[in-house]
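**Q** One structure, pasted below without further comment.
The values are calculated or read from the model by the stated rules, or taken from the named source; none is laboratory data. Here the structure is a predicted model, which is why all the values come from computation and not from measurement. Neighbour counts are summed over all protein chains in view; Cβ atoms, including those assigned to glycine, are modelled from backbone coordinates with ideal geometry. The protein model used for the area step is the full one, side chains on, heavy atoms only, and it has no ligands, DNA or RNA in it. Shrake-Rupley method; radii C 1.70, N 1.55, O 1.52, S 1.80 Å.
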2 protein chains.
Amino acid sequence: MKKTKRSTVKRVPKRGLYDQKSIYKLLDRNHLCHVGFIYEDFPVVIPTLYGRKENTIFLHGAVVSRLMTSLKKEIPLCISIAKTTGIVLARSAFNHSLNYESVILYGNGRLVEGFEKEEALKAISDHLIIGRWEECRPPTTKELKATHVISIDLDEVSAKVRTGGPQDDKEDYSSEYWAGVIPIKEGFGVPQPDQQLPDRLKKIPASVQNLTHKTNN
Amino acid sequence: MKKTKRSTVKRVPKRGLYDQKSIYKLLDRNHLCHVGFIYEDFPVVIPTLYGRKENTIFLHGAVVSRLMTSLKKEIPLCISIAKTTGIVLARSAFNHSLNYESVILYGNGRLVEGFEKEEALKAISDHLIIGRWEECRPPTTKELKATHVISIDLDEVSAKVRTGGPQDDKEDYSSEYWAGVIPIKEGFGVPQPDQQLPDRLKKIPASVQNLTHKTNN
């Protein structure tokens, strides 16, 4: 991982993180990213699922999609992963803020092919819900052909995190206004079996139990 | 609102929504957007708070930020608002999916100045937590000068929503695999008063009560 001009946090630099451990941790507990690229001279941002394996991020999609037909050309891209974790209410309107966690990655995509491709799809699946890949029908040759996988190395990457309470101006601490944080929480609801499942298959599988238990407890 | 080539949903077009009511509803229950623009010939995506008032989206930030110095030049931008609402587990790996809600807006920013500027900042505040603007110290002239506000009209905009269970291939319905949906839920935690508040100010204000009650019930 290298710190370049564009991957260096400029606004409130003390919130920037550049170490592998912090970045992997943030990437592994999120799954939705926004991919920005230039298409016909204008900027496009597309939300999509990602997966991480070692020092690589994988994206996938239909071969006919604008995202995949663009990224396979190895054009420059910017990937942002961000979540708000709290609303920070300060005594002054100006010092209101959000708690958040965010990762920004710059790079160029590379089309993943051959043996690596199915491995990458498994990595995306494992990233979202570990163990599920072994609990469903694997892709056919035709399905693999209809899907592109793009890899981006976690090279030019940085994270930014804000936690904690409001930081007010000194003179505002004697004001009569309430201040504090409203935490924003994300979790899983009760798994809903497909209505077309026969009774003998209605038991919630291990991968689903592990995911919903781990995250909500 | 107009449906243009770039704002038309291409992948799974039946999930596209173009009506004002649907788009406003999705915008109003989210607050984090990703703004894409071209900076020194490469794409940049930045996560930031937004507010909606009537048919306009407002963004704000420090006048020195790359986001604000770029957008005030009225360059083309793409804004994406997206949230995953469920993990859709199909019988086949290929038919796995996510439930989600998403809005994509294309346009060019415009710097908001004068009387409109404070109104726009209030709109951003109201969007996140209605009533808070009146419960804190308003911005000074100096603070207003340090902040830029950018407006983008909701003109070239579309939404895309997926709900419901897995759609498997016909022949997979007789397989032995579990299928279903794991809902993803977002909500507010218990408000945490700032530790420096005097006892007489510790009562949770109406705006905070309304927000956390409305959303979690």
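**Q** Tell me the residue from A:ILE81, A:ILE130 that is at pLDDT 95 or above and closer than 25 Å to B:HIS34 by Cα, please.
**A** That would be A:ILE81, the only listed residue that is at pLDDT 95 or above and closer than 25 Å to B:HIS34 by Cα.
**Q** Let me spell it out: the conditions are (1) under 30 Å from B:THR4 (Cα atoms); (2) at pLDDT below 95, and B:PHE115 meets all of them except one. Which number is the exception?
**A** (1)
**Q** Kindly indicate which of A:ARG52, A:ARG66 is basic (Lys, Arg), open to solvent by 10 Å² or more (accessible area, probe 1.4 Å) and without any contact (Cβ under 8 Å) to a residue 40 or more places away in the chain.
**A** A:ARG66
**Q** If you check every pair at least six apart or on different chains, which have Cβ atoms under 6 Å apart with a residue in the range A:180-202 that is facing chain B (nearest Cβ under 7 Å) and over 25 Å from B:ASP194 (Cα atoms) first and a residue that is crowded, with 16+ Cβ neighbours inside 10 Å and among the hydrophobic types (A, V, I, L, M, F, W, C) second?
**A** So the pair list comes out as A:PHE188/B:ILE182; A:PRO191/A:VAL208; A:PRO191/B:ILE182; A:GLN192/B:VAL181; A:ASP194/B:ALA179; A:LEU201/B:TRP178.
**Q** Let me ask another. Any residue that is surrounded by fewer than 19 Cβ atoms within 10 Å (Cβ to Cβ), among the hydrophobic types (A, V, I, L, M, F, W, C) and under 16 Å from the mean Cα position of the chain (by Cα) - is there at least one of those in the range A:92-107?
**A** no
**Q** Which condition does A:PRO138 not pass, out of (1) more than 7 Å from chain B (Cβ to nearest Cβ); (2) open to solvent by 30 Å² or more (accessible area, probe 1.4 Å), if it passes all the others?
**A** Against the list (1) more than 7 Å from chain B (Cβ to nearest Cβ); (2) open to solvent by 30 Å² or more (accessible area, probe 1.4 Å), A:PRO138 comes up short only on (1).
**Q** Can you name every residue in the range A:160-217 that is of a type in the set (Asp, Glu) and not in a helix (DSSP H, G or I)?
**A** Scanning the range A:160-217 gives A:ASP168, A:ASP169, A:GLU176, A:GLU186, A:ASP194.
**Q** Now for a different question. Can you name the residue in the range B:141-153 that is crowded, with 19+ Cβ neighbours inside 10 Å and aliphatic (A, V, I, L, M) and, of all such residues, is nearest to B:LYS53 (Cα to Cα)?
**A** Only one residue fits best here, namely B:ILE152.
To keep it simple, each residue is scored yes or no on (1) charged (D, E, K, R); (2) within 7 Å of chain A (Cβ to nearest Cβ); (3) closer than 30 Å to A:GLN192 by Cα; (4) touching a Ser or Thr at 6+ places or on another chain (Cβ under 8 Å).
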residue: B:THR8; (1), (2), (3), (4): no, no, no, yes
residue: B:ILE23; (1), (2), (3), (4): no, no, yes, yes
residue: B:PRO47; (1), (2), (3), (4): no, yes, no, yes
residue: B:ARG52; (1), (2), (3), (4): yes, no, no, no
residue: B:VAL63; (1), (2), (3), (4): no, no, no, yes
residue: B:LEU67; (1), (2), (3), (4): no, no, no, yes
residue: B:PRO76; (1), (2), (3), (4): no, yes, no, no
residue: B:ARG91; (1), (2), (3), (4): yes, yes, yes, yes
residue: B:PHE94; (1), (2), (3), (4): no, yes, yes, yes
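**Q** Of the conditions (1) open to solvent by less than 20 Å² (accessible area, probe 1.4 Å); (2) at the interface with chain B (Cβ under 7 Å from one of its Cβ atoms); (3) farther than 20 Å from B:ARG91 by Cβ, A:ARG162 satisfies every one except a single condition; which number is it?
**A** Among (1) open to solvent by less than 20 Å² (accessible area, probe 1.4 Å); (2) at the interface with chain B (Cβ under 7 Å from one of its Cβ atoms); (3) farther than 20 Å from B:ARG91 by Cβ, A:ARG162 violates only (2).
**Q** Something else about it: As an exercise: evaluate B:GLU143 against (1) facing chain A (nearest Cβ under 7 Å); (2) part of a strand (DSSP E or B) and give the number of the one condition it does not meet.
**A** Failing condition for B:GLU143: (2).
**Q** Still on this model: If I filter the range B:170-179 down to residues being within 7 Å of chain A (Cβ to nearest Cβ) and not hydroxyl-bearing (Ser, Thr, Tyr), which single residue comes out as surrounded by the fewest Cβ atoms within 10 Å (Cβ to Cβ)?
**A** Selected residue: B:GLU176.
**Q** For the range A:70-81, name all the residues that are open to solvent by less than 50 Å² (accessible area, probe 1.4 Å) and within 12 Å of A:LEU111 (Cα to Cα).
**A** Those that are open to solvent by less than 50 Å² (accessible area, probe 1.4 Å) and within 12 Å of A:LEU111 (Cα to Cα): A:SER70, A:LEU71, A:ILE75.
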